[in-house]
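Beneath this line is the structure, given in C-alpha cells, with notes to follow.
What follows draws every value from the coordinates through simple rules; no lab data is involved. These numbers come from a predicted model, not from an experiment. Cβ sites come from the backbone with ideal geometry, for glycine too, and all protein chains shown count toward neighbours.
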Amino acid sequence: MHYVVLGDHSAEVCPMSNATTKALMLEVGPQIPKIAEKHNVTIVSGPFVSREHTAVIILEAGSGEDIDAFLLESRLPQWNRLHIMPSLPMQEGMKEVGESVTLF
C-alpha cells in the first residue's frame with residue numbers, strides 16, 4: 001500500500017527559524033532512509049519541502065503500523081501536523097473505478 005504523508009508546521013517551529021527544530025532536523029534528517037528501512041518502509045518519492053511550511057513524502061509499506069513506527073522514530077510528529085492518506089497507484093485506482101458499482 002502507498003501512503004501520501006503531508007506534514008505542515010507553523011513558522012515558529014520551522015527549522016529555518018527555530019534553532020531547536022533545526023538541530024533536530026539536521027541530526028535526524030540524514031538517518032531517515034535507515035529509519036525507513038528498519039520499519040519496512042520504502043520511500044517512493046520525497047520528502048519534498050516548500051516555502052509554505054509543508055512537506056510531502058510518498059511511502060510504501062505493508063501496514064499502517066509500519067508507517068506509524070517510522071514516523072514516530074523520525075520525530076516528524078514532534079514538529080509537524082501529519083496527514084496520512086492511504087493511496088493507490090493510478091493503475092490500481094482505475095481498475096477499482098472500472099469494477100465499482102456507480103451510485104447515480
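The set of residues from region 30-80 being of a type in the set (A, V, I, L, M) and closer than 24 Å to Glu12 by Cβ comprises Ile32, Val49, Ala55, Val56, Ile57, Leu71, Leu72, Leu76.
Condition check ((1) under 19 Å from Leu6 (Cβ atoms); (2) not small (Gly, Ala, Ser)) across all residues:
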{"position": "Phe48", "(1), (2)": "yes, yes"}
{"position": "Ala61", "(1), (2)": "yes, no"}
{"position": "Asp66", "(1), (2)": "yes, yes"}
{"position": "Leu71", "(1), (2)": "yes, yes"}
{"position": "Leu82", "(1), (2)": "yes, yes"}
{"position": "Glu96", "(1), (2)": "no, yes"}
